[in-house]
Every structure is written in C-alpha cells, then in structure tokens.
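Working notes for the structure below.
The values are calculated or read from the model by the stated rules, or taken from the named source; none is laboratory data. Since this is a predicted model, take the numbers as computed values, not measurements. For neighbour counting, all protein chains shown are included, and Cβ atoms are generated from backbone atoms with ideal geometry for every residue, glycine included. Side chains are part of the model used for accessible areas, which takes the heavy atoms of the whole protein and leaves out ligands, DNA and RNA. Shrake-Rupley method; radii C 1.70, N 1.55, O 1.52, S 1.80 Å.
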Amino acid sequence: MRKLIAGNWKMNGLLAELEDVASICEAVAAHPSVDTALCIPATLIRSAAGRFADMAIGGQDWHMAASGAHTGCISAEMLADAGAKLTIIGHSERRAAQGESDADIRGKALAAKRAGLAAILCVGETEAERDAGRAEAVVLGQLEGSMPDDAASEWISVAYEPVWAIGTGRIPSVEDVKAMHAAIRGALVARFGTDGSNIRILYGGSMNGDNAASLLAIPDVDGGLIGGASLKADKFLPIVAAAAAA
Ligand code: 13P
C-alpha cells in the first residue's frame, strides 16, 4: 500500500505562509512513491489548490449540510469548490472543544463523500482512558460509531491519534502502536471485508523526523497525520523521506 503523509495545519496560516506551502510541495516532489497532502485553513485553499500539483490540498472542517441558514459555516461542497481534495473528521480537538459526537462525525463523513472529498477519520484515547486499560475499547468504539456503513478505501482513511501524544512530544511504544493498529485493522476487515484491508491507517501525534522511521515501519501503519512538523518543509520532508524508505 502507498503510504500517505498528511499535514494538519490546524488554525495556523495566513496568506503570507503560502510560500511555506510552496516549499513543502517542492520538497515532497522528490518522493513520488509517497502520497502527500496538506490540510490547511479554508481561507488558503483557493490560493493553494491547483498551484501545487505534487501534493493534495485539503480542508479541516465543515458543516454537514450542503447549504442553508447556518451563519458562519461552510459546507463540504464549498471546500471542494475551492479546490480541496480531502478533509479531516473526528479530530480529538473537535471532539473535545466542539463536543462533536460519533453521530456528528459519521454525518460529516457522508457529507465529504457527497461532495467528492476524501476523508481522514481520527480516533484516539485520552491518557486517563489508556491508564484505565480502556484504550482499545475507546478507539474501537469511536471507529464503530463514526465510520459510515458505506465507507470504502477509495475515499476514507483512519488516523489513530492518542490524545495525550498530540503536541506533547510523547509517543506510544512501538508495541502499543502495533497492537492498536492491528486491532483497528481487525475491526475494519470484520466490518468491510476485503476492502477493510485496503483502508489506510495513519498514525498521528508528535510524529517527527526523528521518530518517523520507527513508527512507519510498524505493520499496518500506512502513513502519518502530522501537526506541528507539517508547518515547515525542513520538518515535514524528513517524515516523507522516512515514508519513502519504509
Ligand atoms: P502534532 O503532530 O503536533 O502532535 O499533532 C498531531 C495532530 O493532531 C494531527 O492531526
């Protein structure tokens, strides 16, 4: 399976940072064996999409309705209209700060499909849940509740992002990542049959140039979802190079 290295810029990036998108795109072009994407603020999508052919440009969030009386919101169709090819759903920052439920996330997955966007569906446990021995149950519960029944590998990927590893510089052990990705793969195959083995499972949470090679070598780690290290080419490129070598 081709690996996917996707950046999540979160709420970072003004028009002045478009040159950073350009230098990231130029850098990743050296590794055509890896699929790459940058999910950037909606305000930058139109300026970035189309200009950078070697890397898919994506958005981060949207309202699940196609249009209507939702002041301040944008729809999946609007992201696609601006040139986005993919989006992120179920990120723990939205589950926690915006109170998004599994049902909301499932609705957004269907909205992405309706608009022709690929989706990266995030799942992950908190530190308290891991300490209580509930990590796998929590993650598989989120997967079951937020993945739509007609999910297919051509438009959906899963990202395992332990909440306690996001932006902290801490990562789970190789054994813990291996066990969680195997559990997610098992659940995907049980639910979606053969296609479940083709759905990419990314790892996210403090992935960087130093730890990417060991994380990407773990079975069923089919790529990475990168926050902080996706903002600059010199931090993002070593991760893409590690994926190319994996
Ligand atoms: P960091 O790579 O900054 O830990 O963020 C991970 C993440 O939340 C990607 O969605």
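Once you charge only the Cβ atoms, +1 for Lys and Arg and -1 for Asp and Glu, what is the size of the charge dipole of the range 23-112 about its Cα centre, to the nearest 20 debye? Show your work: numbers first, answer last.
Working: 7 positive and 10 negative charges, 17 e Å.
The dipole of the range 23-112 has a size of about 80 debye.
Remark on Glu125: its backbone amide H falls under 5 Å from those of Val163, a criterion applied only to residues 5 or more positions apart or on other chains, H modelled at 1.01 Å from N.
For the range 181-197, backbone phi angles converted through the Karplus equation (6.51, -1.76, 1.60; θ = phi - 60°) give residue-by-residue couplings of 5, 5, 5, 5, 4, x, 5, 5, 5, 4, 8, 10, x, 4, 5, x, 7 Hz, Gly and Pro being listed as x. For Ser153, the solvent-accessible surface with a 1.4 Å probe is about 40 Å², rounded to the nearest 10.
Could you give the accessible area per residue of the range 135-221, probe 1.4 Å, as a whole number in Å²?
Values: 3350 Å² over 87 residues.
Each residue of the range 135-221 exposes 39 Å² on average to a 1.4 Å probe.
Of Cys73, Cys39, which has the most accessible area with a 1.4 Å probe, and how do the rest follow in descending order?
Numbers: Cys73 65, Cys39 0 Å².
The most accessible residue leads, giving Cys73, Cys39.
Expressed as a whole percent, the accessible surface of the range 104-151 that belongs to carbon and sulfur atoms is 46, based on a 1.4 Å probe. Among the trypsin sites (Lys or Arg not before Pro) in the range 113-156, those placed in a DSSP loop whose Cβ has at most 14 other Cβ atoms within 10 Å are Arg134.
About the centre of its Cα atoms, the chain shows a dipole size close to 260 debye [charges on the beta carbon of Lys, Arg (+1) and Asp, Glu (-1) only; nearest 20 debye]. Close amide H pairs (under 5 Å, H built 1.01 Å from N) link Ser75 with His63, residues at least 5 positions away or on another chain.
Full extension of the chain segment joining Ala29 with Lys232 gains 71.6 nm, where the gain is 0.36 nm per residue of separation less the Cα-Cα distance. For the range 61-78, 3J(HN,Hα) computed residue by residue from phi via the Karplus equation (6.51, -1.76, 1.60; θ = phi - 60°) reads 7, 6, 7, 6, 6, 6, 6, x, 7, 9, 3, x, 9, 10, 9, 4, 4, 5 Hz, glycine and proline entered as x.
Using just the helices of the chain, give the 222 nm mean residue ellipticity in deg cm²/dmol: DSSP H runs with n ≥ 4 each add -39,500 (n - 2.57), and the total is spread over all residues, rounded to 500. Please list the in-between numbers first.
Details: 10 runs with 98 residues, N = 246.
Helix-only estimate at 222 nm: -11500 deg cm²/dmol.
Charged neighbours of Asp234, selected by a Cβ distance under 15 Å, balance to -3 (K, R count +1; D, E count -1). For the range 178-195 and the range 98-112, compute the distance between their C-alpha centroids and round to whole Å. Between the Cα centres of the range 178-195 and the range 98-112 lies a distance of 21 Å. Pairs of Cα atoms nearer than 8 Å and 6+ residues apart set the relative contact order; for the range 80-182 it is 29 percent. Eigenvalues of the alpha-carbon gyration tensor of the range 1-58, scaled by 5 and square-rooted, set the equivalent ellipsoid semi-axes at 19, 12, 9 angstrom, largest first. Given +1 at the Cβ of Lys and Arg, -1 at the Cβ of Asp and Glu and no other charges, the dipole of the range 166-224 around its Cα centre is 120 debye to the nearest 20.
Normalised size of the chain, defined as Cα radius of gyration per 2.2 N^0.38 Å with N residues, equals 0.94. Would you kindly calculate the translational diffusion coefficient of the range 125-241, applying Stokes-Einstein with the Kirkwood radius from alpha carbon pairs, for 25 °C and a viscosity of 0.890 mPa s, and quote it in µm² s⁻¹ without decimals? For these conditions, the coefficient is 168 µm²/s. Sequentially through the range 217-233, phi angles give Karplus couplings (6.51, -1.76, 1.60; θ = phi - 60°) of 7, 6, x, 6, 9, 9, x, x, 10, 10, x, x, 6, 9, 7, 9, 4 Hz, Gly and Pro residues having no value and appearing as x.
Quote the FRET efficiency, to the nearest 0.05, computed for Asp149 versus Lys178 with a Förster distance R0 of 25 Å and r equal to the Cβ-Cβ distance. Efficiency, rounded to the nearest 0.05: 0.35.
Amide hydrogen proximity for Gly7: with H placed 1.01 Å from N in the peptide plane, the residues at 5 or more positions away or on another chain lying under 5 Å are Ala37, Leu38, Cys39, Ile226.
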